[in-house]
1. Tell me which residues, restricted to segment 186-200, are under 18 Å from ALA228 (Cβ atoms), out of contact with any strand residue (DSSP E or B) (no Cβ under 9 Å at 6 or more places or on another chain) and not basic (Lys, Arg).
2. Consider ARG39 carefully, then state whether it is surrounded by fewer than 24 Cβ atoms within 10 Å (Cβ to Cβ), basic (Lys, Arg) and either out of contact with any Ser or Thr (no Cβ under 8 Å at 6 or more places or on another chain) or farther than 15 Å from ARG59 by Cβ (or both).
3. Within segment 161-179, identify whether any single residue is under 29 Å from ARG29 (Cβ atoms) and out of contact with any strand residue (DSSP E or B) (no Cβ under 8 Å at 6 or more places or on another chain), and answer yes or no.
4. Only residues that are of a type outside the set (A, V, I, L, M, F, W, C) and not in a helix (DSSP H, G or I): list them for segment 179-197, please.
5. Taking only segment 136-153 into account, find how many residues are in contact with an Asp or Glu (Cβ under 7 Å, 6 or more places away or on another chain) and either closer than 20 Å to GLY4 by Cβ or assigned to a helix (DSSP H, G or I) (or both).
6. Return the total of residues in segment 233-257 being closer than 19 Å to LEU11 by Cα and free of Cβ contacts under 8 Å to residues at least 60 places away in the same chain.
7. Let me confirm something: among VAL80, VAL73, VAL69, VAL60, which residue is modelled with pLDDT of 95 or more, under 19 Å from ILE19 (Cβ atoms), of a type outside the set (D, E, K, R) and in the same structural domain as ILE136 (by TED's automatic domain parsing)?
8. Output yes when any residue across segment 12-22 is closer than 27 Å to SER246 by Cα, of a type in the set (Ser, Thr, Tyr) and in contact with a Ser or Thr (Cβ under 8 Å, 6 or more places away or on another chain), and no when none is.
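The values are calculated or read from the model by the stated rules, or taken from the named source; none is laboratory data. This structure is a prediction, so every number in the text was calculated from the model and none was measured. Heads up, the Cβs are rebuilt from the backbone with ideal geometry, glycines too, and the neighbour counts pull from every protein chain shown.
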Amino acid sequence: MDLGLAGKRVLVTGSTAGIGRAAAQEFAREGAEVIVNGRTEARVKEAVQAILRAEPQARVRGVAADVSVAAGVDALVRAVPDVDVLVNNAGVFEPVPFEQITDEGWMRMFETNVMSGVRLARHHFPRMLARSWGRIVFVSSESALQIPEEMIHYGVSKTAQLAVARGLAERTRGTEVTVNAVLPGPTRSEGVGEFVRQLAQERGIGEQEMERQFFATARPTSLLQRFATPEEAAHLIVYVASTPASATNGAALRVDGGVVRAIV
């Protein structure tokens, strides 16, 4: 299938590792002009080089900017003022008991996971509407639908992304602009991998056993019964951003390994 992404300019935030990097690499493979984003020059440069090693013909460049703060978004917009596809992937998670989540913790989660995408969409969405073509994808989480008790603030931030995506989609009527959310389940990103390693060390068990225990206790409804790969989530992100996905709009699409026990 021709995804119609050749020549499209694609910005993927938080794309120096994990799902973001996998998506950036797949967009590059499809012939898009890809902008990789991360907080530091070193991480961005490493990610760009890794994508070029995998896809030597790729058109990819990097912009270091911290999108968790308004000044970082402003810097990114100045560097990349116009895109065809915006993937709001930047995000953080942090397991903390509810009573220990400070106001600062709540605001950090909201600023990074929600406001980064809001600020970027505020700039790019009107431009997409003006030319009647564009794609915005919010990378949310199955935690938006099943709030995890160990990180309630994270779940709330991911639910908020669904609301923003649906609200923007309502404004696309009669255009070729779409706004959707993709909901990965437990995925072995860089952060998750480190989290699993730390837990395994603390409990004196191997990582494979730790993964088994995680799904037996924390995500027992998973049908996959393993962490998904970043590439498995990236496939859906790239399809949703494609030209053939023009009838998919205002949707919350799960790639969660069956964790959410719901038909819709």
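1. So in segment 186-200, the residues under 18 Å from ALA228 (Cβ atoms) come out as 186-197.
The next check asks that each one be out of contact with any strand residue (DSSP E or B) (no Cβ under 9 Å at 6 or more places or on another chain); those that pass are 189-197.
SER189, GLU190, GLY191, VAL192, GLY193, GLU194, PHE195, VAL196 - these are the residues of segment 186-200 that are under 18 Å from ALA228 (Cβ atoms), out of contact with any strand residue (DSSP E or B) (no Cβ under 9 Å at 6 or more places or on another chain) and not basic (Lys, Arg).
2. Values: surrounded by fewer than 24 Cβ atoms within 10 Å (Cβ to Cβ): yes; basic (Lys, Arg): yes; either out of contact with any Ser or Thr (no Cβ under 8 Å at 6 or more places or on another chain) or farther than 15 Å from ARG59 by Cβ (or both): yes.
Yes, satisfied.
3. Initially, segment 161-179 is screened for residues under 29 Å from ARG29 (Cβ atoms), giving 161-162, 164-165, 168-169, 172, 175-179.
If we keep only those that are out of contact with any strand residue (DSSP E or B) (no Cβ under 8 Å at 6 or more places or on another chain) too, we end up with none.
Scanning segment 161-179, I find no residue that is under 29 Å from ARG29 (Cβ atoms) and out of contact with any strand residue (DSSP E or B) (no Cβ under 8 Å at 6 or more places or on another chain), so the answer is no.
4. Listed by number, the residues that qualify are ASN180, PRO184, GLY185, PRO186, THR187, ARG188, SER189.
5. Within segment 136-153, the subset in contact with an Asp or Glu (Cβ under 7 Å, 6 or more places away or on another chain) is 142, 151.
Add one more test, that the residue is either closer than 20 Å to GLY4 by Cβ or assigned to a helix (DSSP H, G or I) (or both), and what stays is 142.
Total meeting the criteria: 1.
6. 1
7. Numbers: VAL80 fails: under 19 Å from ILE19 (Cβ atoms); VAL73 fails: under 19 Å from ILE19 (Cβ atoms); VAL69 fails: under 19 Å from ILE19 (Cβ atoms).
Just a single option satisfies the conditions, and that option is VAL60.
8. Restricting attention to segment 12-22, the residues satisfying the condition of being closer than 27 Å to SER246 by Cα are 12-15, 18-22.
From what's left, of a type in the set (Ser, Thr, Tyr): 13, 15.
Among the residues that remain, those that are also in contact with a Ser or Thr (Cβ under 8 Å, 6 or more places away or on another chain) are: 13.
The answer is yes, given that some residue of segment 12-22 is closer than 27 Å to SER246 by Cα, of a type in the set (Ser, Thr, Tyr) and in contact with a Ser or Thr (Cβ under 8 Å, 6 or more places away or on another chain).
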